[in-house]
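Nothing in this text is a laboratory measurement; each read-out follows from the coordinates by a stated rule. Quantities reported herein were computed from a predicted structural model and do not represent experimental measurements. Note that we place each Cβ from the backbone using ideal geometry, even for glycine, and neighbour counts take in every protein chain shown.
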């Protein structure tokens, strides 16, 4: 296999991590919604915490994207 | 490009603007600098329109007051009662990232000879902003607490045996922060614009193919581009908010040491 094909395959495998981060982000918002529907009065004060959790989960997906791009365009 | 190779990276290329008299000079006025000035102009125009200070605010003034009130609220909630000192930088970071993300998402490409450029899709820009945030954290921490600032890495109630390990772990987590803070808005814009470029090329290539399947691909890709554009506006706002919120939290750590 030549280098270009290996790069494309490797970038595709690295992109799996983005889907995993999608699961994480969905879990963050889903859990927040569950808690917020049980106690709507307390939900408003927790949006900051929600976005911190979102940021932490999303960062890993963005890292996977960055790794895929580095593999794809590395010379 | 009818059926050519899609080149989604071209939109991020930085090139000098105007005459190339300064071509030999290391100082050049690039398209990045031009769009930073445009973003600054947008922010100044927006804020200037809301400076009438009427008792009953009009629509524009209400929008400006919404922005300032929201950021004031975030800062006070995250840092505490003495948080207003740090509001200028948090306001600057939020408005700049938000305006740059949204100006970059606008369809200026339909104007001939205009080359739209998203400033925040360059790590040099967001990385510099995160370094400024981090410099403020370190400066405030050492100014307020001196060498006691290092107790930031030792949470209360840690067992004595674990102290060296916890110190190293907390130190690493602290040192990764500026990197992750700058990486987040950069990759979000970068990925979104690559997606838009790729699916925008699908629209054009499907039209050029001249077949029924090609027109179907065009219709699907066009609907997807519209959806992703809406998502880009949301992501741009969320990333600006996350940058401001995390900066405020890091400053809170430096001010209060846990």
Residue mean of other protein chain beta carbons inside 10 Å, A:55-66: 5
For chain A, set up a Gaussian network in which alpha carbons nearer than 10 Å are linked by springs, and say which option among A:37, A:59, A:50 fluctuates the most. A:37
Radius of gyration and Dmax over the Cα atoms of the protein assembly as shown, both given in Å: 22.7, 73
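Before rounding to the nearest 500, sum -39500 (n - 2.57) across all DSSP H runs of length at least 4 in chain A and divide by the residue total; then give [θ] at 222 nm in deg cm²/dmol. If you can, show how the numbers build up before the last one.
Numbers: 4 runs with 66 residues, N = 75.
Taking each H run of at least 4 residues, the total per residue is -29500 deg cm²/dmol.
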With an 8 Å cut-off on Cα pairs and a minimum separation of 6 or more residues, tell me the relative contact order of chain B in percent. 26 percent
Taking beta carbons within 10 Å but only from partner chains, what does the mean come to for residues B:184-191? 4
Given contacts defined as C-alpha pairs under 8 Å and at least six residues apart, what's the relative contact order of the range A:3-73, whole-number percent? 60 percent
Exposure proxy check: B:103, B:161 ranked by fewest other beta carbons within 10 Å? B:161, B:103
Could you work out how far helix A:3-14 tilts from the main Cα principal axis of chain A, as a 0 to 90 degree angle to the nearest 10? 10 degrees
Compute the helix-to-body angle for B:212-256: its Cα long axis versus the longest principal axis of chain B, expressed 0 to 90° and rounded to tens. 20 degrees
Rounded to the nearest 10, the angle in degrees between the Cα long axis of helix B:31-49 and the longest principal axis of the Cα atoms of chain B comes to 70 degrees
Ranking B:160, B:85 by Cβ neighbours within 10 Å, fewest first, what do you get? B:160, B:85
Over chain A, with a Gaussian network built from C-alpha contacts below 10 Å, which listed residue (A:14, A:36, A:56) shows the highest mean-square fluctuation? A:36
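What does the helix-only formula give at 222 nm for chain B: each DSSP H stretch with n ≥ 4 adding -39500 (n - 2.57), the total divided by the residues, and the result rounded to the nearest 500 deg cm²/dmol?
So the calculated ellipticity at 222 nm is -24500 deg cm²/dmol.
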Over all residues in A:43-52, what is the mean tally of Cβ atoms on other chains that come within 10 Å of each residue's Cβ? 2
Please state, as a whole number in µm²/s, the translational diffusion coefficient that the Stokes-Einstein equation yields for chain B at 25 °C and 0.890 mPa s, with Rh defined as the Kirkwood radius across alpha carbon pairs. 115 µm²/s
Rounded to the nearest Å, what's the spacing between the alpha carbon centres of the range A:1-45 and the range B:184-215? Just the number, please. 22 Å
What residue among B:13, B:105, B:240 shows peak mean-square fluctuation when chain B is described by a Gaussian network model with Cα springs under 10 Å? B:13
